[in-house]
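The values are calculated or read from the model by the stated rules, or taken from the named source; none is laboratory data. Keep in mind that what you see is a predicted model, and the values were worked out from it rather than measured. Backbone-built Cβ (ideal geometry, glycine too); neighbour counts: all protein chains shown. All accessible areas refer to the heavy atoms of the entire protein, side chains included, with ligands and DNA or RNA removed. Shrake-Rupley method; radii C 1.70, N 1.55, O 1.52, S 1.80 Å.
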Amino acid sequence: MGERTGSKKDIDGFRPPEDFSENAVVNDPDIYRRAEEDPEGFWEENANNIYWYKKWDKVLEWEPPHSKWFLGGKLNACYNCLDANLDTRADKAALIWESEDGDIRQYTYQELLDEVCKLANVLKDSGIRKGDIVTIYLPMIPEVIISMLACARIGAPHSVVFAAFSGDSLATRISNANSRLLITCDGYARRGKVVEQKNKVDDGISSIELLERVIVVKNSDNDISMKEGRDVWWHDVMNGSDIVCEPEIMDSEDMLFLMYTSGTTGKPKGIVHTTGGYMVATNTTSRFVFDLKEDDIYWCTADAGWITGHSYIVYGPLSNGATLLTYEGAPDYPEKDRYWDIIERHKVTILYTAPTAIRTFMKWGTSWLKMHDISSLRLMGSVGEPINPEAWKWYHENVGMGKCPIVDTWWQTETGMIMISPLPGVTTTKPGSATMPFPGIKAAVLDEKGNETAPGEDGFLAILEPWPSMVRTVFGNEERFIETYWSKWDNRTYFAGDGAKRDDDGYFWIIGRVDDVIKVAGHRIGSAEFESIMVSHPSVAEAGVVGKEDELRGEVIYCYVTLKTGAEESEELKKELRGYADKNIGPFARPKQIIFSDDLPKTRSGKIMRRVLKAIANNKDPGDVTTLQDPAVVDMLTERTRELE
Ligand code: WTA
């Protein structure tokens, strides 16, 4: 068991084990004071861990809400992840990859660089130039990492779309980004079945003319069609491609990638991240939070299609010369011990995963764990949703054998880097709290007016000062950028969209989203985006989509719909609507319940009140409903919702 401090005055929590602290990358708590006194100096010092063709003239220019970092600096992100490691790590494994059916592929830093350069040349030959956005739609196979780095090498920002998204969701993102080139695959295995990825692509993009080139990785044996003149096989174009490709010299503020994410309203937003600040931020946080050492085998179970995969599989760890382990497959295939089996066989030392996964393992029980020797683990992380104290403790005792520190890391697509997290060699942790802001980050919990809340009181999580990897804008929609993140208070304080509180020790406790973002198993889904898809079904008139708290998955989706005249309420229609969500968004977003209703709670001006629906779904008091068009609707929906349970 981890040490618990007895005295009431002390923080009641888990102190880092002494031997861990002694050897930790960071073990001096003074780092917090130094970074607070001079945040720019702190980031500048850490920027020296990145290779620059030309160093910056100025660390920060802050014209709220716009920041520029490392102004005038020149670098290349791919160079930092690969070439910069060659002197000492050319033959070190950069990536160990395992597929669901047990294939293992390994790339040294030199081998990964060769593949990346080959693809970079292919992209150039396909007419891709600096600034052209390339869309990537691949599962967690090595090619997704190779593709991202090849883009970075030639200065073409990438937009990775999570492989389980539907073809339609893909098409929306391709159109918004104006992508001319897509990298995808024929299919991939999930629990022994093939997901027909290329067919999803063909379905989705049939209405857009934009794509000039589709590069298809051969990854499974399913039949696909190739469009003459547009679609080419990865192995054909890579064959004979030159392994030398000079990296493009990029400005600090050149875009590194776009990452589409869901927000409160409308279509997904393209979050813009730039190069210099992002590289410094992910490089520093990876080293400090994950305590990366030369011999570590680091496994982040996220998918490259989400921000965690960008920052903490690709850019942060590789720019530190780490050995990555990645797994493409389900955690219960062929059996429920797959993760522990992988950890044992590959001697994984650091595991970074999500609370939903931890709760699932808890449910499956410790017998699966006991079949394996996972004593190689020395540090574990959690990300994506709040972790409940029971899950934290289970993780700590059973996976971490009571000795591994846990880093519960709060951050977002928009922040680019981990913002609130323990430093494993320094911070006393408390189950369920993400603890303290990372050095150099100034966070607070504010009320509606922008005043700090008292300890124990709920408020909104806010970031008070700029940080290097902050979102620069929403692609093609500056207004939305300002409106979403900056307009809540004073146009210089970042509104994260999360509810939070601090305790008497100043620790942060994240409660969850206060906007219309739903987190299903850590996957980020927007209510409005979901509703607009549901109302495109011929039987649906209106839809209200909300998150309902769920013990296992954090939240699940409750979808309230009114039907068009002529459409009949039936179990078949429910089934069809679930399938419709699967097909048009992705199976990870399948609604748990479809609830038919004659009407939805609306304001007098006709706006659907999700707040009321959310309260109904969660069996909570919907508050004042007298201003609704028809307050009686609340009772009717409550009854229908309770009937389901
Ligand atoms: C939630 C994922 C509590 C939060 C990196 C945030 C968390 C949203 C945590 C961003 C955590 C992430 N504790 N909640 N440790 N980490 N979240 O953009 O609601 O996919 O706003 O980025 O996930 O989700 P996103």
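Numbers below:
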quantity	calculated
Distance in nm between pseudo-label sites at residue 335 and residue 103 (7 Å out along the Cβ direction from Cα)	2.5
Helix-only mean residue ellipticity at 222 nm for the chain, each DSSP H run of n ≥ 4 adding -39500 (n - 2.57), per residue, nearest 500	-8000 deg cm²/dmol
GluC sites (Glu not before Pro) restricted to DSSP loop in the stretch 169-212 with at most 16 other C-beta within 10 Å	209, 212
Protection-proxy order for peptides 554-563, 103-112, each taking the mean of Cβ atoms within 10 Å per residue, highest first	554-563, 103-112
Segments 369-377, 296-304 sorted - mean Cβ within 10 Å per residue, highest first	296-304, 369-377
Sequence of 502, 611, 15 from largest to smallest accessible area, 1.4 Å probe	611, 15, 502
Whether the stretch 311-392 is rounded, prolate or oblate, judged on the alpha carbon gyration tensor where a/c under 1.5 counts as rounded	oblate
Anchor residue 58: lysines whose Cα lies under 27 Å away (excluding residues fewer than 8 positions away in-chain)	68, 74, 130, 442
Nonlocal amide H pairs with residue 555, under 5 Å, H built at 1.01 Å	521, 522, 550
Distance (nanometres) between label positions extended 7 Å along Cα→Cβ at residue 63 and residue 193	5.4
Computed magnitude of the charge dipole of the chain (debye, nearest 20; Cβ of K, R +1, Cβ of D, E -1)	420
Dipole of the stretch 426-552 [Lys/Arg +1, Asp/Glu -1 at C-beta], most positive-end residue of 450, 546, 435	435
FRET efficiency, 1/(1 + (r/R0)^6) with R0 60 Å, evaluated for residue 18 and residue 535 via beta carbons	0.55
Interchain or long-range residues, amide H under 5 Å from residue 352's placed H	299, 300, 301, 381
Per-residue HN-Hα couplings for the stretch 604-610 [Karplus 6.51, -1.76, 1.60; θ = phi - 60°; Hz; x = Gly/Pro]	4, 7, x, 7, 5, 8, 5
Distant-in-sequence amide H partners of residue 435 (H built 1.01 Å from N, under 5 Å)	508
In order through the stretch 235-240: 3J(HN,Hα) via Karplus (6.51 cos²θ - 1.76 cosθ + 1.60), integer Hz, x for Gly, Pro	5, 5, 6, 6, 4, x
Whether the chain is rounded, prolate or oblate, judged on the alpha carbon gyration tensor where a/c under 1.5 counts as rounded	rounded
Residue 345 accessible area, 1.4 Å probe, all protein chains in place, Å² to nearest 10	110
Lysines whose Cα lies under 22 Å from that of residue 293, excluding same-chain neighbours fewer than 8 positions away	92, 347, 403
In Hz, Karplus ³J(HN,Hα) per residue of the stretch 569-583 (6.51, -1.76, 1.60; θ = phi - 60°; x = Gly, Pro)	5, 7, 4, 5, 5, 4, 5, 4, 5, 5, x, 5, 5, 3, 6
Charge-dipole axis of the chain as Lys and Arg at +1 and Asp and Glu at -1 on Cβ define it, positive-most pick from 423, 535, 117	535
Prolate/oblate/rounded call for the stretch 151-193, Cα gyration tensor, a/c under 1.5 rounded	oblate
